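Everything below concerns the one structure shown next.
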Amino acid sequence: MTAGAVVDTGPLVAYFCANEARHEWAVQQFSHLTPPLLTCEAVLTETCFLLARQRVPAWRLLEYLDLGALRIGLHLDGEARTIRDLMRRYSNIPMSLADACLVRLAAISGLPVCTLDSDFALYWASNRKRLALIMPEHPG
């Protein structure tokens, strides 16, 4: 197993939805990462919404929080100014709240971001370093 990671919506949806194109990739990645995987409330909200649209019980995701496989690693109320600044800096992309939270969480934790979103290749951590990414060779 390798170290943990900061996890985005795409890999979580792919993990829980067997019919998703990146399902096998997500299962393989999560089997090699040391839990708990870190995420944020914005990612959990997005993931629950997308799981429900796929008719996958969204409560399954929350079970992973309860089991300790996922952990909320950032609380918006304490990071709002920094996250606002990130969203302002990347407004040309534009950066979502979830993406800004994950970039900040990666900067704080030093962990790579597990994502399917190629926008993360454009984001930089606050320490002027590129984010380490875990993503498919050819993201969808």
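Quick note: the coordinates plus some simple rules give every number you see, no bench work behind them. The model shown is predicted, which means the values in this text are computed figures rather than measured ones. Every residue, glycine among them, receives a Cβ derived from its backbone with ideal geometry; neighbour counts consider all protein chains shown.
Could you list which residues have their amide H under 5 Å from that of residue 37, counting only those 5 or more apart in sequence or on another chain, with H placed in the peptide plane?
Under 5 Å from the amide H of residue 37: 70, 71.
Dipole of the chain (Lys/Arg Cβ +1, Asp/Glu Cβ -1, origin at the Cα centre): which of 61, 31, 112 lies farthest to the positive side?
Towards the positive end, the residue furthest out is 112.
Take every DSSP beta bridge whose two residues both sit in the chain, then give the antiparallel share in percent to the nearest 5.
Beta bridges within the chain, antiparallel portion: roughly 10 percent.
Calculate for the chain the 222 nm mean residue ellipticity that helices alone would give, adding -39,500 (n - 2.57) per DSSP H run of length 4 or more and normalising by residue count, nearest 500 deg cm²/dmol.
Calculated mean residue ellipticity at 222 nm is -14500 deg cm²/dmol.
Using only the alpha carbons of the chain, what is the convex hull's orientation-averaged projected area in square nanometres?
Computed as one quarter of the Cα hull surface, the answer is 8.1 nm².
Between residue 124 and residue 27, what is the spin-label point distance in nm, taking each point 7 Å from the Cα along the Cα→C-beta axis?
4.0 nm
Can you list the residues, at least 5 places off or on another chain, whose amide H is less than 5 Å from the amide H of residue 116, using H built in the peptide plane?
Answer set, sorted by chain and number: 10.
Which whole-Hz ³J(HN,Hα) couplings does the stretch 41-47 yield from phi under the Karplus relation 6.51 cos²θ - 1.76 cosθ + 1.60, θ = phi - 60°, glycine and proline marked x?
In residue order, the calculated couplings are 4, 4, 5, 4, 4, 4, 5 Hz.
Figure the gain on full extension for residue 69 and residue 41 (residue separation times 0.36 nm, minus the Cα-Cα span) and round it to one decimal in nm.
Value of the extension gain: 8.6 nm.
Using θ = phi - 60° and the Karplus form 6.51 cos²θ - 1.76 cosθ + 1.60, what ³J(HN,Hα) does each residue of the stretch 26-38 get, whole Hz, x for Gly and Pro?
5, 4, 5, 4, 5, 6, 9, 9, 7, x, x, 7, 8
How far apart, in nm, are the 7 Å Cα→Cβ label points at residue 19 and residue 3?
Calculated label separation equals 3.8 nm.
Taking H as built 1.01 Å from N, whose amide H comes closer than 5 Å to the amide H of residue 133, not counting residues under 5 places away?
113
I need the phi-derived Karplus couplings for the stretch 103-109: 6.51 cos²θ - 1.76 cosθ + 1.60, θ = phi - 60°, integer Hz, Gly and Pro marked x.
4, 5, 5, 5, 5, 6, 8
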